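Read-outs: derived from the displayed coordinates by stated rules, not from any lab. In this text, all values refer to a predicted model and were calculated from it rather than measured experimentally. When we count neighbours, we look across all protein chains shown, and the Cβ atoms used for this are built from the backbone with ideal geometry, even at glycine.
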Amino acid sequence: MRRGPYLVLANHVSNSDPIVLQLASRRHLRFMARKELFGMGWMGKFMTWWGAFPVSQATADVGALKTAMRLLSEGQAVCVFPEGRLSPTGELVELLPGSAMLALRSGSPVVCVGLRGSTALMPYPSERPRYAARRIVAYWGEPRTFEKGTPPEAVLDWVARELRRLSS
């Protein structure tokens, strides 16, 4: 999708995933990113310059959700990792409800992206890249919108199925 709001939901297996996603996207993505990154010197400056916005992983961060809603209402593309953290095994972990709330309240199209191979570049829990002789691929699903009144559980079930399909 080249114009208008859309919500990108991706599996999260490596600290390199945001870079991989941005390189695979035709548009600039606004990432919801771990709050601690913004206090890490050059990394924090880079995150701000890149247009990422902080989220607290310790709680349901209403401020981060409001920021995502505002960006979507402005017609921007917002990327969220619905697992809320890196998967230590590469398998999809339980999805948090915030992504379903964003999909339902914003009415924006939702696109799931399955990432494969990014752990070769930066294996869990590494924060430093290494040479990856393996191909890194982002598989994009078809956009879907959800009717108001759709149960959040139904959204999360669809997202989980899509992410498993696209990432395996």
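Annotations for the structure displayed:
- Taking every alpha-carbon pair under 8 Å whose residues sit at least 6 apart, the chain reaches a relative contact order of 31 percent.
- Taking a straight Cα-Cα cut-off under 17 Å and skipping sequence neighbours fewer than 8 places away in the same chain, the lysines within cross-link reach of LYS45 are LYS35.
- Candidates LEU92, ASN11, LEU104 compared by Cα position along the dipole of the chain: farthest toward the positive end lies ASN11, with charges placed on Cβ.
- Taking other C-beta atoms within 10 angstrom as a stand-in for reagent exposure, TYR131, TYR139, TYR124 fall in the order TYR131, TYR124, TYR139, fewest first.
- Spin-label model, GLU94/ASP157: points 7 Å from Cα along the beta carbon direction are separated by 1.8 nm.
- Gaussian network model of the chain, Cα within-10 Å springs - most flexible of VAL20, VAL93, VAL62: VAL62
- Here the stretch 51-149 is treated as a sphere whose radius is the Kirkwood value from Cα pairs; by Stokes-Einstein at 37 °C and 0.692 mPa s it diffuses with a coefficient of 214 µm²/s.
- Across the chain, the longest run free of exposed loop sites, meaning GluC sites (Glu not before Pro) lying outside DSSP classes H, G, I, E and B with no more than 16 other Cβ atoms within 10 Å, spans 1-73.
- Of the residues GLY51, GLY39, GLY90, the one that moves most in a GNM of the chain with alpha-carbon contacts below 10 Å is GLY39.
- Taking each residue as 0.36 nm, the span from ARG105 to ARG128 lengthens on full extension beyond its C-alpha to C-alpha distance by 4.6 nm.
- VAL8 long-range amide H proximity, modeled H, under 5 Å: VAL78, CYS79, VAL80, VAL111
- Taking the Cα centre of the chain as origin and assigning +1 to Lys and Arg Cβ atoms and -1 to Asp and Glu Cβ atoms, the resulting dipole is close to 580 debye.
- Summed over qualifying helices (DSSP H, 4 residues or more, each -39500 (n - 2.57)) and divided by its residue number, the chain shows a 222 nm mean residue ellipticity of -10000 deg cm²/dmol.
- GNM on the chain, alpha-carbon springs under 10 angstrom: the most fluctuating residue among GLN22, GLN57, GLN76 is GLN57.
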